[in-house]
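Notes for the one structure printed next.
The values are calculated or read from the model by the stated rules, or taken from the named source; none is laboratory data. All of these numbers come straight from a predicted model, not from anything done at the bench. Cβ sites come from the backbone with ideal geometry, for glycine too, and all protein chains shown count toward neighbours.
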Amino acid sequence: MSDRPLTPLLDRISGPADVRTLSDAALRTLADEVRAEVISAVSETGGHLGSSLGVVELSVAIHAVFDTPRDKLIWDVGHQCYPHKVLTGRRDRIRTLRQEGGLSGFTKRSESRFDPFGAAHSSTSISAALGFTIGRDMGQDTGDAIAVIGDGSISAGMAYEALNNAGSEGRRMFVILNDNEMSIAPPVGAMSKYLSGLYASPLGQMQKMAEGFEAALPGPLRDHARRARQLVTGLPGGQGTLFEELGFQYIGPIDGHDMDQLLPVLRAAKVRATGPVLIHVCTVKGKGYGPAESSADKYHGVGKFNVGTGEQAKSKPNAPSYTKVFGEALTLEAAHDPAIVGVTAAMPSGTGLDIMAKRFPGRVFDVGIAEQHGVTFAAGMAATGLKPFCAIYSTFLQRGYDQIVHDVALQNLPVRFAIDRAGLVGADGPTHAGSFDIGYLAALPNMVVMAAGDEVELMHMVATAAAYDAGPIAFRYPRGEGEGHVMPERGSVLEIGKGRIVKEGSDIALLSFGAHLGESLRAAKLMEARGVSVTVADARFAKPLDHALIRQLLRHHRALVTIEQGAQGGFGAMVLHSLANDGLLDGRCQVRTMTLPDRFIDHAAPDAMYADAGMTATDIAATALQAAGVDLRKTNIRA
């Protein structure tokens, strides 16, 4: 017997047009069935469960009220879009979520016409919705735009910029603030406190609910409600909200799990709105599934699990994760140096800074989803003599690039950038891949750029960054487990700009920058099994380059191949640039570069993604042997 939920109503839904034929009572039933379907599917695939369960009723209500896909529904970040996918013709593939060849874990334009705008990074939805709104008003064939943004995402600067712009434009559009008081980590800062204050006290709740519902009432009743609000607040118009000051009509807060509130409010807003409207909806992450509701992280990111017990399937790791190694190494350095502080952008556990925060809570700062601010905040601390470690995923550090250039590198301030999730990351796909940081950081004057070949090297690089005060320094490392090496008690300080020979050979040289060192060693074994002698070197530094090491490899080998987990224009390009300027590309040693290809790579297991990128040990061996003039047909190594 199948353990999948019975969904007699959902079975009749092929898209939102079917949803719009249902009665309000049937919509409530549909929401229950969608919730059961999402729980069942994610138990098989893993994924962002808690956030998706929090918007089940909201997803059903929006599709029931608005004319999607002509009306454009834009989910901020998109990790809460699983109910939306179930309702928009993708239910038959929902059990392929985040799997190779399956549905993306986020919204994706190429996947469905019901995904008008792709997402995975936060705080973009209001800007995009305003863009669709302008398109509509300029005659493009599109309807209303509805942005759904969480309380964590709306704290980012880009969201404020969009609210300000949309309010000044005064055009009809809808922003739904999904306020669950829980981003990936508990939201921090003044915006979170402000939102909580809107309904924390009975007085505030009555006042704001009265303000919101007032607009939906008929004229005479509206006048009575306004007078009642004045009696409660003691002020002749009541106190306005921040959103009203920005030019939005504010409605709420309302219960995001109560269809009797959601449906009439959305319908009234759709009928009566003439300008920008913000609807404040309160939801519960993990709603309707006990294990998620009671979990500290509300099952934000969950592996496969047993629906009955909520127990997640766990595989025993072969080695500590790079993230854990970083967190423990930094905590150890912080114990020896009181000037060390940590900065994270709403990802304390994702970056490993929660380890340091437990021991030194006053020295770790979570700035919320605000990478730009986080970088300049770290620069300010560096200017005082503190030693800030700015721990941000590679893909999210892109959002703070101007600040890295202008506020850190230009002023030569010693900010330490700990760049997690470098390279390809698996199920989260291209939106979260750390493909570009080598090139965008190495291009900057004053910047030192390192990459850890394994977990021991990561410990050394944490120690090196802690000791380095001459300017900014960055070190990158991948998602996942290390190589399983025996770990030292504490990292050693590396000589800046100095690589190392890991294995000596004479025919071919592999020069690895970063965590593809293990794959390079495996490639060397493949070649040596066929009688080819291979040197493997670990560059450690992309900037400054170890010119002496590169020249040594060039002089003593028939072929030199550089390998990196990054895009074209990174480490290999810098090596070629150096050799060309020194007049050393004379053909005596053939030089090749191996990088990620010039395209985005769809989600799959990391090994499968690197195979797609042509960067397996076999690929490395084939590239090196071809460069050395070896006939691959005689080696049984595929080209």
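Within the range 266-288, residues that are assigned by TED's automatic domain parsing to the domain that holds Ser127 and part of a strand (DSSP E or B) sit with their Cβ atoms under 6 Å from residues that are among the polar types (S, T, N, Q) and surrounded by fewer than 23 Cβ atoms within 10 Å (Cβ to Cβ), at 6+ positions apart or across chains, in these pairs: Val277/Gln249.
Every residue in the range 296-310 that is within 21 Å of His257 (Cα to Cα), touching a residue at least 24 places away in the same chain (Cβ under 8 Å) and surrounded by fewer than 18 Cβ atoms within 10 Å (Cβ to Cβ), please. So that I can check it myself, show each step before the final result.
We begin by selecting, within the range 296-310, every residue within 21 Å of His257 (Cα to Cα); these are 296-300.
Narrowing the set further to residues that are touching a residue at least 24 places away in the same chain (Cβ under 8 Å) leaves 297-300.
The one that is within 21 Å of His257 (Cα to Cα), touching a residue at least 24 places away in the same chain (Cβ under 8 Å) and surrounded by fewer than 18 Cβ atoms within 10 Å (Cβ to Cβ): Asp297.
Of the residues that make up the range 278-289, is at least one surrounded by 20 or more Cβ atoms within 10 Å (Cβ to Cβ), over 25 Å from the mean Cα position of the chain (by Cα) and of a type in the set (A, V, I, L, M, F, W, C)? Scanning the range 278-289 turns up at least one residue that is surrounded by 20 or more Cβ atoms within 10 Å (Cβ to Cβ), over 25 Å from the mean Cα position of the chain (by Cα) and of a type in the set (A, V, I, L, M, F, W, C).
When restricted to residues that are surrounded by fewer than 24 Cβ atoms within 10 Å (Cβ to Cβ) and either modelled with pLDDT under 95 or of a type in the set (A, V, I, L, M) (or both), the range 537-549 contains 3.
Scanning the range 311-357 for residues that are assigned to a loop (DSSP other than H, G, I, E, B), in contact with an Asp or Glu (Cβ under 9 Å, 6 or more places away or on another chain) and either surrounded by 17 or more Cβ atoms within 10 Å (Cβ to Cβ) or not aliphatic (A, V, I, L, M) (or both) yields Pro317, Asn318, Pro320, Ala345, Ala346, Met347, Gly352.
Across the range 142-158, what is the total count of residues that are buried (at least 24 other Cβ atoms within 10 Å of the Cβ) and in contact with a strand residue (DSSP E or B) (Cβ under 7 Å, 6 or more places away or on another chain)? Spell out the reasoning first.
The first filter runs over the range 142-158 and keeps only residues buried (at least 24 other Cβ atoms within 10 Å of the Cβ), leaving 145-150, 152-156.
Next, from what is left, pick out any that are in contact with a strand residue (DSSP E or B) (Cβ under 7 Å, 6 or more places away or on another chain): 145-150, 154.
Residues flagged as buried (at least 24 other Cβ atoms within 10 Å of the Cβ) and in contact with a strand residue (DSSP E or B) (Cβ under 7 Å, 6 or more places away or on another chain) within the range 142-158 amount to 7.
Can you tell me which residues in the range 585-597 are over 17 Å from Thr616 (Cα atoms) and either under 26 Å from the mean Cα position of the chain (by Cα) or modelled with pLDDT of 95 or more (or both)?
To start, the set of residues in the range 585-597 that are over 17 Å from Thr616 (Cα atoms) comprises 585-591.
Cys589, Gln590, Val591 - these are the residues of the range 585-597 that are over 17 Å from Thr616 (Cα atoms) and either under 26 Å from the mean Cα position of the chain (by Cα) or modelled with pLDDT of 95 or more (or both).
Residue-by-condition table, conditions (1) of a type in the set (Gly, Ala, Ser); (2) under 30 Å from Glu457 (Cβ atoms):
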position	(1), (2)
Val265	no, no
Ala273	yes, no
Tyr289	no, no
Gln312	no, no
Lys316	no, yes
Ser321	yes, yes
Phe326	no, yes
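Flag: Met459 matches the condition of being out of contact with any strand residue (DSSP E or B) (no Cβ under 8 Å at 6 or more places or on another chain) and in contact (Cβ under 8 Å) with a residue 12 or more places away in the chain.
Residue-by-condition table, conditions (1) of a type in the set (A, V, I, L, M); (2) modelled with pLDDT of 95 or more:
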{"site": "Lys270", "(1), (2)": "no, no"}
{"site": "His280", "(1), (2)": "no, no"}
{"site": "Gly290", "(1), (2)": "no, no"}
{"site": "Val302", "(1), (2)": "yes, no"}
{"site": "Asn306", "(1), (2)": "no, no"}
{"site": "Thr309", "(1), (2)": "no, no"}
{"site": "Pro338", "(1), (2)": "no, yes"}
{"site": "Val341", "(1), (2)": "yes, yes"}
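Hey, can you tell me all the residues within the range 154-173 that are farther than 21 Å from Thr376 by Cα and part of a loop (DSSP other than H, G, I, E, B)? Break it down into steps so the answer makes sense when it comes.
Filtering the range 154-173 for residues farther than 21 Å from Thr376 by Cα gives 162-173.
Across the range 154-173, the qualifying residues are Gly170, Arg171, Arg172.
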